[in-house]
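Q: Structure incoming, see below.
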Amino acid sequence: MDRVIAGAVVAHQGTVLLIRRRVPEGDLVWQFPAGQIKLGESAEQAASREASPLEVAGAAWVSLMAERIPGFRRWGSTSLSRRCPDRRAQGAITGSPTAWHDQLVPADRLKPLTLTAGEFRLRPPSVDEHMEVLALGVDPDVRLWNPRCQITDAASAVRDCLAGADWSDGTHATFSIIDNGSGRYAGNIALHGIDRAHARAKVGYRIAPWTRGQGVATAAVRSVVSWALSDLGLTRLALTHGVENPASCRVAQKAGFDLAYTMPMAKRFGDGQLHDEHLHVLVAPTAAVGN
């Protein structure tokens, strides 16, 4: 597959850090620090690795600015913005410095991490697993019960991996489910719709066919729930599914979610028909009324 590159933009008071490199054509050109994302790395980790040899003192991460997927039609720019009080080896930037400050991320930005779920680990998605992500995305059960899944080809699978690994806006935390023994991709789980102001979020998941019915979804949901309540301080989590999908109902109940009510004709699923949905809710045991 084509290489996926991460670059770091080190900005300070209207200037940016540039380095001079010799490109394959033989010319010396000024570039942002950048390099290929390695196996298991996030874009942020790769950009940090490329910038770290430059010894940029006092730098602090700000945001994921944009993404570019080589080899596909959708083009942009992949870089990670940094604020830096150190002015060494910086090149000039044209345009208004205000544009850089627009990239500041709210204080509740989430930092990607790895969780444990029995014999599986939950970690941010990687583009290296995009073919497994594609296979799951076109699975008939996933197409039926996850109508919002837009994975149809390799390009859309890569985009899904990149979007899932980018937690910078604080609205979601998406994990790939990986078997500890084999390293095999077992699915995906996300805490999404995160609303820190009201201490609530939603949980959704997709499980690979080879591991369904083995308690993997339940273990993954429990792990994400525990983290959301303890580390993020959330007090109310919701999980919805089609009424005709009893497997998800069992997962919700085993993970501690109560069935709140049935929502009539709530969503149009992959068969093109409107279906009733179950709304399951989990409230933190210590959550006080009115908090």
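Where a number appears in this text, it was derived from the coordinates with a stated rule and is not lab data. Everything numeric here is computed off the predicted structure, so don't read it as measured data. So basically every Cβ, Gly included, is an ideal-geometry build from the backbone, and we count neighbours across all protein chains shown.
Q: Arrange the peptides 167-175, 259-267, 112-120 so that the one whose residues have, on average, the most other Cβ atoms within 10 Å appears first.
A: My ranking of the peptides, most packed first, is 167-175, 112-120, 259-267.
Q: Further question on the same structure: Whole-Hz Karplus ³J(HN,Hα) for segment 241-258, in order, using 6.51 cos²θ - 1.76 cosθ + 1.60 and θ = phi - 60°, x for Gly and Pro?
A: With the stated coefficients, segment 241-258 comes to 7, x, 4, 7, 10, x, 4, 5, 5, 5, 4, 4, 5, 5, 7, x, 8, 8 Hz.
Q: Still on this structure, please answer the following. Taking the Cα centre of each part, how many Å lie between segment 241-264 and segment 265-282?
A: Here the answer is 11 Å between Cα centres.
Q: Straight-line reach from residue 38: which lysines fall under 25 Å, measuring Cα to Cα and dropping same-chain residues less than 8 apart?
A: The qualifying lysines are 111.
Q: To continue, here is another question. Could you list which residues have their amide H under 5 Å from that of residue 187, counting only those 5 or more apart in sequence or on another chain, with H placed in the peptide plane?
A: Here 177, 208 satisfy the definition.
Q: Decide, for segment 196-235, between rounded, prolate and oblate: order the square roots of the alpha carbon gyration tensor eigenvalues as a ≥ b ≥ c, take rounded if a/c falls under 1.5, and otherwise choose prolate if a/b is larger than b/c, else oblate.
A: Prolate shape, in that a/c is at least 1.5 and a/b is the bigger ratio.
Q: Enumerate the amide H contacts of residue 117 below 5 Å, restricted to partners 5 or more residues apart or on another chain; note that Pro and chain-start residues carry no placed amide H.
A: So residue 117 has HN proximity to 122.
Q: Just the Cα atoms of segment 115-283: what Rg and Dmax do they give in Å?
A: Using the Cα atoms of segment 115-283, the pair Rg, Dmax is 15.1, 42 Å.
Q: Using Cα positions and a limit of under 26 Å, work out the lysines in reach of residue 267, with same-chain residues fewer than 8 apart set aside.
A: Partners within reach: 202, 254.
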